[in-house]
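The values are calculated or read from the model by the stated rules, or taken from the named source; none is laboratory data. Just so it is clear, the structure is predicted and the values come from calculations on it, not from any experiment. Cβ placement follows ideal geometry from the backbone for every residue including glycine, while neighbour counts extend to all protein chains displayed. Note: accessible area is taken over every heavy atom of the protein model, side chains too, but ligands, DNA and RNA are not part of it. Shrake-Rupley method; radii C 1.70, N 1.55, O 1.52, S 1.80 Å.
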Amino acid sequence: MNSSAVNKPATLSSSETGARVERLPLSRFTTLGVGGEAEVWTVGNHAQLREAMSAPYRILGGGSNLVVADEGLMERVIRLGGEFAATDLELDPQLSTPEQLITGWVGGGVPLPGLLRKLQRLGYGNLEGTVGIPAQLGGAIWMNAGTRFGEAFDGLHSLEIASPEGTRTVTPLDLPWSYRDSGIPRNHIVTRARLKLRPSTPELVQEKMDAADTARKGQPKNRTPGCAFKNPTLPGGERLGAGKLIDEARLKGSRVGNAMIAPEHANFIVNLGGASAADVHALLALIRSRVGVHLELEYELWP
Ligand code: FAD
Ligand code: EPU
């Protein structure tokens, strides 16, 4: 495809509901620091969100699991702000019990690290295992982000999900969720969630967060979208480490352009500065050609 056609649409849309519409490089919003331009719609309420969803779209969270094409995107990219970035951690007296605390609504656009800091200060447990994941709450729920210490669905009571067909509330029981997968249909947007928490103390919550944090000490510090591949499960049920498999294929330190398979942990591809999406795609293809086990991508490749 001619990249100039993607980068320069004939007319730029504007919003009737007051959503902010800007043409921006998505490299600004991805932890990898890669991605061409798109029309970015920042929405703060349901009317703006409905308008944004009236043409083909993608929903952007913290950009921490994305490799966005260098040519940019044809679709609009929706970002959650306003009421979708608000946090209500007041306990709902109707739903909470002494053993199970249910909060008010927390927006899908709320950054997970700040939310976890608040939960730690309140001494509320259940989400400690997701510490260190640079997601927004909605993005963490969308892919059930986690570590071996816990995952996003450990702390969910219910979710509000919006799509062009309307808005509905579901509970985890309504979804076929599993490891790194919420079962939520693509482009259905997690606008907010109620958290299901366990009463604990700030000290105990911190202790659990420290354990999860220690497990990622060997991960690289450069710009990256996290692990490239999910850990594969063999037909017999045994789970292998994707990083270990790539390491055993002696691929650590392999480089294409300014992207590199991290010497610290082989399941991370890092941007050494100025890498392109094409560089990352070439390294993913190299890994797949050299590892004998089928590896399922954990990242999202846009488009
Ligand atoms: P994005 O990257 O913006 O988007 C990813 C997908 O989620 C896209 O399909 C997007 O459309 C969808 N999405 C985003 N927001 C919403 C929403 N509100 N509603 C519906 N869909 C939405 N992951 C782990 O699981 N465990 C880890 O330990 C971990 N460590 C990481 C460490 C680093 C340094 C980095 C950079 C990444 C790490 N990741 C980890 C990967 C990443 O943080 C997770 O995949 C995270 O869930 C992505 O969330 P996000 O908000 O950044 O989503
Ligand atoms: N290993 C190697 N070589 C490597 C990397 C790992 O031999 O290059 C070995 C380690 O020595 C260890 C084993 O593989 O014995 C597992 O490694 P690690 O503890 O780093 O865990 P992981 O399975 O590779 C998972 C998640 C991470 C999460 C960490 C910590 C997946 C795909 N990855 O990594 O999540 O942060 O555990 O809990 O499930 C992510 O999903 O993006 C992510 C970063």
Placed amide H near residue 59: partners under 5 Å, 5+ positions off or other chain:
78
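Would you work out the relative contact order for the chain, in percent, from Cα pairs under 8 angstrom that are 6 or more residues apart? Numbers along the way, then the final one.
On the way: 674 pairs, mean separation 51.3, N = 303.
The value is 17 percent.
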Apply the Karplus curve 6.51 cos²θ - 1.76 cosθ + 1.60, θ = phi - 60°, to the phi angles in the stretch 40-47 and return the couplings in whole Hz, x for Gly and Pro.
9, 9, 9, 10, x, 7, 5, 5
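Let's see if you can work this out: charge +1 on each Lys and Arg Cβ, -1 on each Asp and Glu Cβ, no other charges. What is the dipole magnitude of the chain about its Cα centre, in debye to the nearest 20?
It works out to roughly 640 debye.
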Nearby aspartates and glutamates by direct alpha-carbon distance to residue 221 (threshold 15 angstrom, same-chain neighbours under 8 apart not counted):
213, 264
Segment residue 186-residue 54, length gained on full extension (0.36 nm per residue, minus Cα span)
46.0 nm
P(r) for the chain: what percent of alpha-carbon pairs falls in each 20 Å bin, starting at zero?
32, 58, 11
Most fluctuating residue given options 138, 108, 129, as computed from a GNM of the chain linking Cα atoms under 10 Å:
129
Toy charge model, Lys and Arg Cβ at +1, Asp and Glu Cβ at -1: the stretch 3-80 dipole around Cα centroid in debye, rounded to 20, equals 140
Computed [θ] at 222 nm, helices only, for the chain once each DSSP H run of length n ≥ 4 contributes -39500 (n - 2.57)
-6000 deg cm²/dmol
Distance between Cα centroids, the stretch 135-160 to the stretch 42-112: provide it in whole Å.
13
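Taking all protein chains in place and a 1.4 Å probe, what share, in percent, of the accessible surface of the stretch 242-302 do carbon and sulfur account for?
On the way: 1360 of 2750 Å².
C and S fraction of accessible area: 49 percent.
Calculate, for the chain, the solvent-accessible area per residue in square angstrom, rolling a 1.4 angstrom probe over the heavy atoms of the protein chains. Kindly include the intermediate steps, with their values, before the conclusion.
Values: 14090 Å² over 303 residues.
I get 47 Å² per residue for this part.
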Please turn the phi angles of the stretch 243-248 into ³J(HN,Hα) values with the Karplus equation 6.51 cos²θ - 1.76 cosθ + 1.60 (θ = phi - 60°), one per residue in order, whole Hz, x for glycine and proline.
x, 5, 5, 5, 5, 5
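Whenever you get a sec, compute what percent of the accessible area on the stretch 34-77 sits on carbon and sulfur atoms (1.4 Å probe). Mind showing how you got there, number by number?
Values: 700 of 1370 Å².
That share works out to 51 percent.
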Along the positive direction of the dipole of the stretch 85-214 (beta-carbon charges: Lys, Arg +1; Asp, Glu -1; about the Cα centre), which of 172, 140, 202 reaches farthest?
140
